[in-house]
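The values are calculated or read from the model by the stated rules, or taken from the named source; none is laboratory data. Please read these numbers as outputs of a predicted model, since none were measured by experiment. We place every Cβ from the backbone using ideal geometry, glycine too, and count neighbours over all the protein chains shown.
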Amino acid sequence: MWNRIIDTMAQKSASDTDSELTVVDADAHVQETLDAIKDHMEEGPAKDLIYSSPIPMSEVYGLDTGTPTYVYKSQAPEKREKHILDDAIALSEVIRLREELGVGPLVITPTINLLLPAVNNDQFAVKIADAYNKWIVDEIEAEGLPDTYFNILVPPQRPQKGAEQIEKWADNPNSKGVCMPLTGLYPPAGHRIHDPIYEAAEKHGLPVCFHSGGGAWNFPLAHRWTETYAEGSTWLHPTQHMTQMVSLMYNGVPERYPDLNFVHQEAGIGWVPYLMYRMDDHYLEFSYEIPALDKLPSEYIKDQFYFTTQPLGHTPSASDYIATCIESIGTDRVMFSGDLPHADFDTPEELSDRLRRFDDDTVADIMGGTARKVFDL
Amino acid sequence: MSKARQKHSDVTEFESADRVITEIKGMEIAVFKKDGSFHAMANYCTHQGGPLCEGGITKPSQLGDDGWEWEYDEERSCVVCPWHGWRYDIESGANVDHENIRAPTYDVEVEDGTVYVLR
């Protein structure tokens, strides 16, 4: 690797994940399945219905096309025992990949349950969120590693139930944030219906992590007519974040919860400067419709918002494009994410190669220092 | 640079208008009459140079005591730039949405029915 700070961080990540100079993946994943969390789900009519379905991904999650199975099948089959979508990619596999790539601490987000807002039955959504949280806690404790953390999954359909999940798990030593999936999140993130979640998260000092996902029907995804996975995935991630951020911002959520941090995951960072400047322009032009804010949207972003870098996309590594984006947002606002074990993951070098303009301290912050601060690792 | 009194307008012109715009030393300057007082501001929006003082006059919006209902800030008046809607406090020249943005303002004196701007 070209940069001595990255060399040092990779070495330390492999051997000493408690070191302040380690690469943190601020958006790693497990790939849970309904089968995996079954034993953790409360008995009752909701569970019976969920597990009686022969096609639960369609009937429960409303999934149309998620990550296609051929994506996983083509990936280094000799290194994986199981890699088809129907099987869980549990924490042990993610940790193996982490060590292979020289990444240190992981902050875990679910995979299938990025679709949780699209679950049409609120009873199911509540039970699934509860079961997932119990399962991931057990998974982390079973691995016995002190540097693997999770975001508490909340069911947006029933925000008060989401607040109860936060209250339940906030004191767990491995819970570091709240996972608010964005796939078809409706009402959008700025609606007051979600206030119990924001209130509970702020109370416990947990950042709310917004994570986009695909394959469902809900607005604003408009899944019909996006006939391929590629077409949907290309635009739905940044679109979800943009839609939800505007709602969050213009309805004054960061103003009402000034001690609450927000993390936007898995849309990369290219959309952020564009939307940030656009929101500022609209605020100055239409502030009579936005009395909930007391300062420019960009000022809230620089105070309370963070962004993970994956996917970097096919951005040129020989230019300053990514570095300029990061400077526009704020070098203290951006965190490396690998998105392990998903097929579109980024290696740490993929980001560090694009940070040549920054000094060592800034690089260290982007690669892991800021995530340590945001998630209190 | 010392400021000199520049004749701007006659008080009688404000009997039928809430503002008068006059060019003084190459700069269009508007004088507004509000609650019996006169306030002068450059007819130039610092956004993209629009004719700021030709816009409508309104009051800034804010949230009520319940933290939700929209209401007007009755203590302030602002002129709305007709180009992009940026809004400036008539008295201070400050953009009502961002204090670092300001339109130039000028002192006003009235004597013997004549409105003077100091520039």
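Tabulated data for the structure shown
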item: Test: residue in segment B:104-111 that is surrounded by 13 or more Cβ atoms within 10 Å (Cβ to Cβ), part of a loop (DSSP other than H, G, I, E, B) and at pLDDT 90 or above; result: yes
item: Residue match in segment B:103-116 (condition: more than 13 Å from the chain's Cα centre (by Cα) and within 13 Å of chain A (Cβ to nearest Cβ)); result: no
item: Test: residue in segment A:325-346 that is in contact with a Leu (Cβ under 7 Å, 6 or more places away or on another chain) and of a type in the set (V, I, T); result: no
item: B:Q6 vs. criteria under 24 Å from A:Y250 (Cβ atoms) and of a type in the set (S, T, N, Q); result: no
item: Residue that is surrounded by the fewest Cβ atoms within 10 Å (Cβ to Cβ), among those in segment A:296-318 that are away from every other protein chain (no Cβ under 14 Å) and hydrophobic (A, V, I, L, M, F, W, C); result: A:A318
item: Flag for A:V263 being β-branched (V, I, T) and within 14 Å of chain B (Cβ to nearest Cβ); result: no
item: Members of segment A:182-202 found to be among the small types (G, A, S) and part of a helix (DSSP H, G or I), listed by number; result: A:A200, A:A201
item: Condition met for A:L355 (at pLDDT 90 or above, buried (at least 19 other Cβ atoms within 10 Å of the Cβ) and more than 29 Å from A:P258 (Cα to Cα)); result: yes
item: The listed residue being closer than 20 Å to A:Y283 by Cα and either hydroxyl-bearing (S, T, Y) or more than 13 Å from every other protein chain (Cβ to nearest Cβ) (or both), out of B:G49, B:G26; result: B:G49
item: Odd one out for A:I136 among (1) assigned to a loop (DSSP other than H, G, I, E, B); (2) of a type in the set (A, V, I, L, M); (3) farther than 26 Å from B:G67 by Cα; result: (1)
item: Matching helices (runs of 4 or more DSSP H) fully within segment A:206-325 where at least 2 residues are touching a residue at least 40 places away in the same chain (Cβ under 8 Å) and among the hydrophobic types (A, V, I, L, M, F, W, C); result: A:229-250, A:271-286
item: Residues located in segment A:227-253, provided they are closer than 19 Å to A:Y300 by Cβ and either of a type in the set (A, V, I, L, M, F, W, C) or within 14 Å of chain B (Cβ to nearest Cβ) (or both); result: A:M242, A:M245, A:V246, A:L248, A:M249, A:Y250, A:N251, A:G252, A:V253
item: Given (1) more than 14 Å from chain B (Cβ to nearest Cβ); (2) of a type in the set (A, V, I, L, M); (3) closer than 25 Å to B:Q48 by Cα, number of the condition A:L293 does not satisfy; result: (1)
item: Any hit, segment A:28-37, residues being surrounded by fewer than 24 Cβ atoms within 10 Å (Cβ to Cβ) and more than 19 Å from A:P181 (Cβ to Cβ); result: yes
item: Scan of segment B:69-104 for residues that are within 16 Å of B:L52 (Cβ to Cβ), out of contact with any Asp or Glu (no Cβ under 8 Å at 6 or more places or on another chain) and of a type in the set (S, T, Y), ordered by number; result: B:Y88, B:S92
item: Leading residue by the ranking (surrounded by the most Cβ atoms within 10 Å (Cβ to Cβ)) among those in segment B:81-98 that are more than 9 Å from chain A (Cβ to nearest Cβ) and within 27 Å of A:V253 (Cα to Cα); result: B:Y88
item: Residue tally, condition among the aliphatic types (A, V, I, L, M) and either exposed (fewer than 10 other Cβ atoms within 10 Å of the Cβ) or assigned to a strand (DSSP E or B) (or both), over segment B:1-16; result: 1
